[in-house]
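Values in this text are rule-based calculations from the coordinates and carry no lab data. On a predicted model such as this, the values are computed, not experimentally measured, just so you know. So basically every Cβ, Gly included, is an ideal-geometry build from the backbone, and we count neighbours across all protein chains shown.
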Amino acid sequence: MEEKLREIVARIGEISKDFKPEAHLRDDLNIDSFRAVEIVFEIERAFEVTVPGARYAEVETFNDMLKLVASLKA
């Protein structure tokens, strides 16, 4: 799951997928709000989950995103 999520973030963010798990999405990876929405849509398609906006609003780092997807898959 982590590798697939990492690929999504890297592709949409147009960055290398070799970032640290604790990387801050906005500050370190330059994921703006438009790209964040694209990432959410891609997560929903790839993992067959629904990402509640309120939950995604709490995501700040890649690790946060990974934990959110894992909790939605459980």
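Relative to the first principal axis of the alpha-carbon coordinates of the chain, what is the inclination of helix 62-73, with its axis defined by its Cα atoms, in degrees from 0 to 90 and to the nearest 10? So the helix axis and the longest Cα principal axis differ by about 20 degrees. A simple spin-label model places pseudo-atoms 7 Å from Cα toward Cβ; at S71 and R45 they are separated by 2.6 nm.
A straight Cα-to-Cα reach below 15 Å connects K20 with the aspartates and glutamates E2, E3, E7, D28, E60, D64, residues fewer than 8 places away in its own chain not being considered. Label separation (Y56 vs N30): 2.2 nm, computed from points 7 Å beyond Cα along the C-beta direction.
In this simple spin-label approximation, D18 and K4 carry label points 7 Å from Cα along the Cα→Cβ vector, and these lie 2.5 nm apart. Dividing the summed -39500 (n - 2.57) terms of all DSSP H runs of n ≥ 4 by the residue count of the chain sets its mean residue ellipticity at 222 nm at -18000 deg cm²/dmol. Between helix 2-13 and the chain there is an angle of about 60 degrees, using the helix long axis and the longest principal axis of the Cα atoms.
Pairs of Cα atoms nearer than 8 Å and 6+ residues apart set the relative contact order; for segment 2-73 it is 34 percent.
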